[in-house]
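Participant: Below are the structure tokens for one structure; questions will follow.
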Amino acid sequence: HDLSDDADYAQQSASISESRRQSTSNIVYTKDNVTIHPTQYASERISGRLKLIKQGNALFMTWIPYKGQTSNARLSEKDKNLYTIRAVPFTDIRSIRRHTPTLGWQYIIVVMSSGLAFPPLYFYNGGVREFLVTIKQHVSLVRSAEDANVFLVNDFQSPLQRTLSSLELPRAVPVANVSSTADHSPSSADIERLESDKSSASFNQNSRQRQKNHDPARDLSIQVLEKFSLVTRFARETTSQLFRESDGFNPNEGKKHGQSSASYNIQSIDSPKYHDEVSVPSDPIEFDKISLVWGKPRQSPLGQQEWATFLDAEGRVMDSKALIKRIFYGGLEHNLRKEVWTFLLGYHAYDSTYAERDYLMSVKKTEYDTIKKQWQSISPEQAKRFTKFRERKGLIDKDVVRTDRSLSFYDGDDNPNVYLLRDILLTYSFYNFDLGYCQGMSDLLSPILYVMRDESKSFWCFVSLMERLGPNFNRDQSGMHSQLFALSKLVELLDLPLHDYFKQNDCLNYFFCFRWILIQFKREFEYDKTLLLWEVLWTHYLSEHLHLYVCVAILKRYRNKIMGEQMDFDTLLKFINELSGQIDLDATLREAEALCICAGENGEASIPPGTPPSLPLESVYPDD
């Protein structure tokens, strides 16, 4: 699966080798006009020069933005420096994903061994192929067996995959530690000699040890929900309840943890680090105060009588912005969710009439039945020769019988609603055959079916939701990596001492927030609270990435306990798991709102374009 199987790569490799032999420079590759988009808008971009630098036996990647050139006045030199990449060794890089959309520009995403990723680098003048060929001449670069657009660097894997490999999963990859080449990084003099553009680095990746694997990367997303409780070798016992065999919610389960105060007494950093005496840096943002200033009190849910005032005589929503704001601050009464969720999820347009919605449901019902018949018509003999269908059906059958069985709606043997859950998921696996089914999808569908009580409508609402959250289940986990990266940047922006603490304790990958993001806090709150949270998030009021600010709000609420007790990754993961059922949703939403307003444009700039639940990049830039 290396690049020698591609004739174009092989031919270009020969020409590059010849030119490299004729050059005495340590710069083995240079590309101008390589661009990042610091915000969600195509008009705001920072261009720079991408270089590959050879120092001894080590290869380093550098991207320096051009001085004095920004596409938008709001982007200062400080903003550009935030994204500078200087002398990142390829021993710290796990993989490179190449994106070649049908419409738009080629770009790459560089994923570090820590699990985080740099913002996408766009090649507006081409050159991705040459970039990959040059890398292959200096380090081991092989194409993933699962995805031809993913190239594995030195065949190393992230800590998450190394952990899962210890479980002997058929799709996990074992890894062994090797020494990093960080001590051979170019000196300051070398950098100054090689780089004409001088800028401070913002990404100082910790050199870490990795192991070489002997199997290609496989679909870890399919099994991560079932096995994430064993995310590190030392966390096996402490996280055994992360994803329970029974999904029933028990409000008394787990240890209760009191909320910490945002005001702390700063002690000497030289004091002994006992749990009850350790010095905790003060919160740079006075958390409780900004919640009171910017976080508006929660309102009562929107009821049937008030809902009627938003509709005209033919059923159109007259002021969708006012409706969205109202839902954001109060949510919906349960009997309204069946109707209003269809608008929030995009199944119905706000300007549609009663008649148009009835017609659409009729058409979609016929379309759903057609898709469903595709898998229903598969005979046992066909199924024997249809491995992908058998695997997905077996996985779905296994998951649906343990999804929300504590609810009376799904409780009991031979429950017809459990069969409906299975049928919808199987039909979706045929509707979106490329994505198929991954564990966690049943958690996202279950509340929709519980609210809609209609098979076809539940299916199409689920389709709309997966248009936003589908990247969470990508095989290369690019969707999750981009959100975890954005979360790390938001914590760095809003609580630098907490971010530095995570960095010092090898928690910078933020994998302890994995479950929160993957299934949108489904396991963290009581069922009715989850429904409220979801409809608030779906409004996209203030930000389409409010779920990341919810993560920050929870972490900041418990920062004193986390830092005061010097939690390492295993202890932190156990603590986060035990917060299930203990988090005050109303307070958290108020705090997340305050943090979002406080972060402002800097918060937007911390989230790379295309980060879920936003639309894919190909849809964001249709003009390009």
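Participant: Pick out the one residue from D397, D434, D411 that is of a type in the set (D, E, K, R), open to solvent by 10 Å² or more (accessible area, probe 1.4 Å), in contact with a helix residue (DSSP H, G or I) (Cβ under 7 Å, 6 or more places away or on another chain) and free of Cβ contacts under 8 Å to residues at least 60 places away in the same chain.
Facilitator: D397
Participant: What about F328, is it assigned to a helix (DSSP H, G or I), touching a strand residue (DSSP E or B) at 6+ places or on another chain (Cβ under 8 Å) and aromatic (F, W, Y)?
Facilitator: Answer is no for this residue.
Participant: Which ones in segment 125-139 are touching a residue at least 24 places away in the same chain (Cβ under 8 Å) and either outside the structural domain of G48 (by the TED database) or out of contact with any strand residue (DSSP E or B) (no Cβ under 8 Å at 6 or more places or on another chain) (or both)?
Facilitator: R129, V133
Participant: Hey, another quick one. Mind counting the residues in segment 318-344 that are among the hydrophobic types (A, V, I, L, M, F, W, C) and in contact with an Asp or Glu (Cβ under 9 Å, 6 or more places away or on another chain)?
Facilitator: The number of residues fulfilling the criteria is 7.
Participant: Could you list all residues from segment 126-165 that are modelled with pLDDT of 90 or more and polar (S, T, N, Q)?
Facilitator: Passing the criteria: only T134.
Participant: Being buried (at least 22 other Cβ atoms within 10 Å of the Cβ) and within 21 Å of V28 (Cβ to Cβ) is the filter here, so list the residues in segment 119-130 that pass it.
Facilitator: Within segment 119-130, just L121 meets the criteria.
Participant: For A176, only one of the following conditions fails: (1) of a type in the set (G, A, S); (2) modelled with pLDDT under 80; (3) touching a Leu at 6+ places or on another chain (Cβ under 9 Å). What is its number?
Facilitator: (3)
Participant: Among the residues of segment 596-614, count how many are polar (S, T, N, Q) and open to solvent by 20 Å² or more (accessible area, probe 1.4 Å).
Facilitator: So the count comes out to 1.
Participant: Shifting gears a bit: Could you count how many residues in segment 477-513 are open to solvent by less than 10 Å² (accessible area, probe 1.4 Å), within 20 Å of T588 (Cβ to Cβ) and out of contact with any Pro (no Cβ under 9 Å at 6 or more places or on another chain)?
Facilitator: 9
Participant: Can we say G470 is open to solvent by less than 40 Å² (accessible area, probe 1.4 Å), within 25 Å of G346 (Cβ to Cβ) and small (G, A, S)?
Facilitator: Taking the combined requirement at face value, the residue satisfies it.
Participant: Could I ask something else about it? Using the structure shown, decide if L531 is of a type outside the set (K, R), assigned by the TED database to the domain that holds D586 and in contact with a His (Cβ under 6 Å, 6 or more places away or on another chain).
Facilitator: No: the conditions fail for L531.
Participant: Another question, if that's okay. Filter segment 368-396 for residues that are assigned to a helix (DSSP H, G or I) and of a type in the set (A, V, I, L, M, F, W, C) and give the result. Reasoning before the result, please.
Facilitator: First, the residues of segment 368-396 that are assigned to a helix (DSSP H, G or I): 368-376, 380-384, 387-396.
Once the filter is applied, which keeps residues that are assigned to a helix (DSSP H, G or I) and of a type in the set (A, V, I, L, M, F, W, C), segment 368-396 yields I371, W375, A383, F389, L395, I396.
Participant: Continuing with the same structure: Could you list, in sequence order, all residues of segment 335-357 that are open to solvent by 20 Å² or more (accessible area, probe 1.4 Å) and in a helix (DSSP H, G or I)?
Facilitator: Selection gives N335, K338, E339, Y354, A355, E356.
Participant: Please go through (1) more than 16 Å from L395 (Cβ to Cβ); (2) more than 25 Å from the chain's Cα centre (by Cα) for I448 and return the number of the only condition it doesn't satisfy.
Facilitator: The single condition I448 does not satisfy is (2).
Participant: Could you go through segment 549-558 and let me know if any residue there is assigned to a loop (DSSP other than H, G, I, E, B) and open to solvent by 10 Å² or more (accessible area, probe 1.4 Å).
Facilitator: No, the conditions are met nowhere in segment 549-558.
Participant: Considering only helices (runs of 4 or more DSSP H) fully contained in segment 437-513, which possess at least 3 residues that are in the same structural domain as L573 (by the TED database)? Outline the logic, then answer.
Facilitator: Values: elements: 441-452, 455-469, 478-494, 496-504.
Hits in segment 437-513: 478-494, 496-504.
Participant: Condition first: open to solvent by 40 Å² or more (accessible area, probe 1.4 Å) and either assigned to a helix (DSSP H, G or I) or in contact with a Gly (Cβ under 6 Å, 6 or more places away or on another chain) (or both). Now tell me which residues in segment 414-429 satisfy that. First the steps, then the outcome.
Facilitator: The first filter runs over segment 414-429 and keeps only residues open to solvent by 40 Å² or more (accessible area, probe 1.4 Å), leaving 414, 416, 419-420, 422.
Within segment 414-429, P416, Y419, L420, R422 qualify.
Participant: Would you mention how many residues in segment 559-587 are more than 20 Å from the chain's Cα centre (by Cα), more than 18 Å from L496 (Cα to Cα) and in a helix (DSSP H, G or I)?
Facilitator: The number of residues fulfilling the criteria is 8.
Participant: Is at least one residue of segment 358-377 farther than 24 Å from N335 by Cβ, among the aliphatic types (A, V, I, L, M), crowded, with 18+ Cβ neighbours inside 10 Å and within 32 Å of the chain's Cα centre (by Cα)?
Facilitator: no
The values are calculated or read from the model by the stated rules, or taken from the named source; none is laboratory data. Computed from a prediction, not measured in an experiment: that's the story for all the values here. A quick note on method: Cβ atoms are made from the backbone with ideal geometry, for glycine too, and the neighbour counts reach across all protein chains shown. Surface areas here come from the heavy atoms of the whole protein model, side chains and all, with no ligands, DNA or RNA. Shrake-Rupley method; radii C 1.70, N 1.55, O 1.52, S 1.80 Å.
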